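Novice: Input: one structure, supplied below.
Just so you know, all these numbers are worked out from the coordinates, no wet-lab data involved. Just so we're clear, the structure is a prediction, and the values are computed from it rather than from any experiment. Counting neighbours? That spans all protein chains shown, and the Cβs are built from the backbone with ideal geometry, glycine included.
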Amino acid sequence: MSIRERLSGNEAVAIAMKQINPDVMPAFPITPSTEIPQYFSSYVANGEVETEFVPVESEHSAMSACIGSCAAGARTVTATSSCGLALMWEALYLAASNKLPITMAVVNRALSGPININADHSDSMGARDSGWVQIYSEDNQEAYDNYIQAVRIAEHKDVQLPVMVCQDGFITSHAVTNLNLLEDEVVKDFVKEYEPEMFLLNSGAPMSVGPYDTQHHYMEHKRQQAQSMNDAKEVILQVAEEYEKISGRKYGLFETYKLDDADVALVIINSAAGTAKDAIDELRAEGKKVGLLKIRVFRPFPAEEIAEALKHLKAIAVMDRSEGFSSQGGPVCAEIKSALYDVEDRPQIINYIYGIGGRDVRVENIKEVFAELEKVKNTGDTGAEAYRYLSVRE
């Protein structure tokens, strides 16, 4: 039986962590993710969890402690944002290459500079090739649901990779909405006890973690790591199917909204998908055939499935909440273009950089994008600048 609550996205994730009852949580506070370890430390102090909470002196130390505890055989969680994630950079690669199933809540916030504490995806998009599975959340409910599923995904024998669960800073992390929680025992039964096959404290099977890897073995190890990422896609779907049985909420690699009969569509990630859905509803009432594909899983990138879902469209606008500085567009657009490369009569594609540094994205802004897509559909011309900024003062 679900429990109806009103929670911020940060508190929802903290409650998910409490229900998971991890062995260790190292953490260092940074806005806007600070509330997650703050809430969780109160659960530790109140005896509501059996977790060892480790306050550290920096985010690099937080991830280093995660690596040590997970390698020792402990179920390990943490949370961070923005420059905190950037300070972890070196350790992110170590966690992934050592195949340690750490789960981390990333509350998306712009990377400096200039200094900015508001939502965009430059932090997690910068870490997209670090070897972590990446799952994105439109709202507080998804942030809660995704975190519980992340534990099962990370610890699956065919994956054994760290997972970051992302949500937009302040937009969902601090906004209070209605959502449905699972009962503690249901979550406990779903995630089960963590029983790693190999860990440092297992005296019966000595092992090393993070040794020097010569040119004779390094490529094979990276190939194994890549295979785990490939295998994660099927595991994500399996875990989602099991989660639907206990929650009634269905998840996939992505979500489509009024896409089947659409002529034009947006591709988007995280909270702005809700704004896009409102714009689509208004435009559908006017007889416009518009739709949406919201990416949930960005790593591994579900290229074949996305190409199949988008191939019938005339034109697509890919929305990036981070700047790739490639002069060719943002990181999401690069992946979508790659996915559609082999599709015959593929849709025309334009790219918008939007909402960076927390710039508001309104229904009328999304309607502007759809108006541009109508022009592209009718003319077949993406214009001199297929890559452009939305709502910027030129």
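Novice: Let's test the formula: R0 of 22 Å, r as the Cβ-Cβ distance of GLU304 and GLU344. What FRET efficiency results, to the nearest 0.05?
Specialist: With R0 = 22 Å, the Cβ-Cβ based efficiency is 0.90.
Novice: Taking the mean number of other Cβ atoms within 10 Å as a proxy for protection, how do you rank 48-60, 269-281, 141-153 from highest to lowest?
Specialist: So the order, starting with the most tightly packed, is 141-153, 269-281, 48-60.
Novice: Among HIS216, HIS121, which comes first, then next, by fewest other beta-carbon atoms within 10 Å?
Specialist: Lowest count first: HIS216, HIS121.
Novice: At 0.36 nm per residue, minus the direct Cα-Cα distance, what do HIS217 and ASN116 gain on full extension? Give it in nm, one decimal, please.
Specialist: Contour length minus Cα-Cα distance gives 32.1 nm.
Novice: Still on this structure: Would you mind counting up the charge near GLN160? Only other residues with Cβ under 11 Å from its Cβ, with Lys and Arg at +1 and Asp and Glu at -1.
Specialist: Its environment carries a net charge of -2.
Novice: What does the helix-only formula give at 222 nm for the chain: each DSSP H stretch with n ≥ 4 adding -39500 (n - 2.57), the total divided by the residues, and the result rounded to the nearest 500 deg cm²/dmol?
Specialist: That calculation yields -12500 deg cm²/dmol at 222 nm.
Novice: For THR34, what charge total do you get from the other residues with a beta carbon under 14 Å from its beta carbon, if Lys and Arg give +1 and Asp and Glu give -1?
Specialist: My count for the surroundings of THR34 gives -2.
Novice: So, one more: Among TYR218, ILE117, VAL13, whose Cα lies farthest out toward the positive end of the dipole of region 3-247, if unit charges sit on the beta carbon of Lys, Arg (+1) and Asp, Glu (-1)?
Specialist: TYR218
Novice: Taking the number of other C-beta atoms within 10 Å as the exposure measure, put TRP132, TRP89 in order starting with the fewest.
Specialist: With the sparsest Cβ surroundings first, the list reads TRP89, TRP132.
Novice: Taking the Cα of ALA175, stepping 7 Å toward and past its beta carbon, and measuring to each backbone N in region 133-154: which are under 19 Å?
Specialist: 136-147
Novice: Of HIS312, ILE336, ALA272, which is farthest towards the positive pole of region 251-387's charge dipole, taken about the Cα centre with +1 and -1 on the beta-carbons of Lys, Arg and Asp, Glu respectively?
Specialist: Of HIS312, ILE336, ALA272, it is ALA272.
Novice: Over region 327-394, what is the mean sequence separation of C-alpha contacts under 8 Å (at least six apart), divided by residue count, expressed as relative contact order in percent?
Specialist: Computed over region 327-394, the figure is 45 percent.
Novice: Treating only the Cβ atoms of Lys and Arg (+1) and Asp and Glu (-1) as charged, compute the dipole magnitude of the chain about its Cα centre; round to the nearest 20 debye.
Specialist: Here the chain has a charge dipole of around 500 debye.
Novice: Report the one residue of ILE171, ASN98, VAL187 whose Cα lies farthest in the direction of the positive end of the charge dipole of the chain (charges on C-beta: Lys and Arg +1, Asp and Glu -1; origin at the Cα centre).
Specialist: Toward the positive end, the furthest listed residue is ILE171.
Novice: Over 26 Å between C-alpha atoms is what I'm after, so list which of LYS18/LYS157; LYS258/LYS311; LYS250/LYS377; LYS188/LYS233; LYS233/LYS367; LYS18/LYS258 land there.
Specialist: LYS250/LYS377; LYS233/LYS367; LYS18/LYS258
Novice: All other residues with a Cβ under 9 Å from the Cβ of TYR352 taken together, and with Lys, Arg as +1 and Asp, Glu as -1, what is their net charge?
Specialist: Summing Lys and Arg as +1 and Asp and Glu as -1 gives -1.
Novice: Which chymotrypsin sites (Phe, Trp or Tyr not before Pro) in region 187-246 sit in a loop by DSSP (not H, G, I, E or B) and have at most 15 other Cβ atoms within 10 Å of their own Cβ?
Specialist: TYR212
Novice: What is the dipole size for region 88-233, taken about its Cα centre, with +1 at each Lys and Arg Cβ and -1 at each Asp and Glu Cβ, in debye to the nearest 20?
Specialist: 480
Novice: Would you mind putting 177-184, 162-169 in packing order, based on average other-beta-carbon counts within 10 Å, highest first?
Specialist: Peptide ranking by packing, descending: 162-169, 177-184.
Novice: Moving on. Contact order normalised by length for the chain, with contacts defined as Cα pairs under 8 Å and 6 or more residues apart; what percent is it?
Specialist: Relative CO of the chain lands at 16 percent.
Novice: What shape does region 304-386 have by the C-alpha gyration tensor, where a ≥ b ≥ c are the square roots of the eigenvalues, rounded means a/c under 1.5, and otherwise prolate means a/b greater than b/c and oblate the rest?
Specialist: Oblate, because a/c is 1.5 or more while a/b does not exceed b/c.
Novice: Still on this structure, I have one more. How high is the FRET efficiency from ASP360 to GLU5, r the C-beta distance, R0 22 Å, rounded to 0.05?
Specialist: Efficiency, from the Cβ-Cβ distance: 0.20.
Novice: Another question about this same structure. Whole Å is fine, so just give me how far the alpha carbon centre of region 302-376 lies from that of region 66-105.
Specialist: When both Cα centres are located, 31 Å separates them.
Novice: Two decimals, Cα atoms only, Kirkwood Rh: what is Rg/Rh over region 147-255?
Specialist: With Rh from the inverse mean 1/r over Cα pairs, Rg/Rh is 1.05.
Novice: Would you kindly state how much longer the chain becomes between GLU368 and ASP260 on full extension, computed as 0.36 nm times their sequence separation minus their alpha carbon distance, in nm to one decimal?
Specialist: Answer, rounded to one decimal: 36.7 nm.
Novice: State the antiparallel share, in %, of DSSP beta bridges confined to region 254-389, rounding to the nearest 5.
Specialist: Of those bridges, close to 15 percent are antiparallel.
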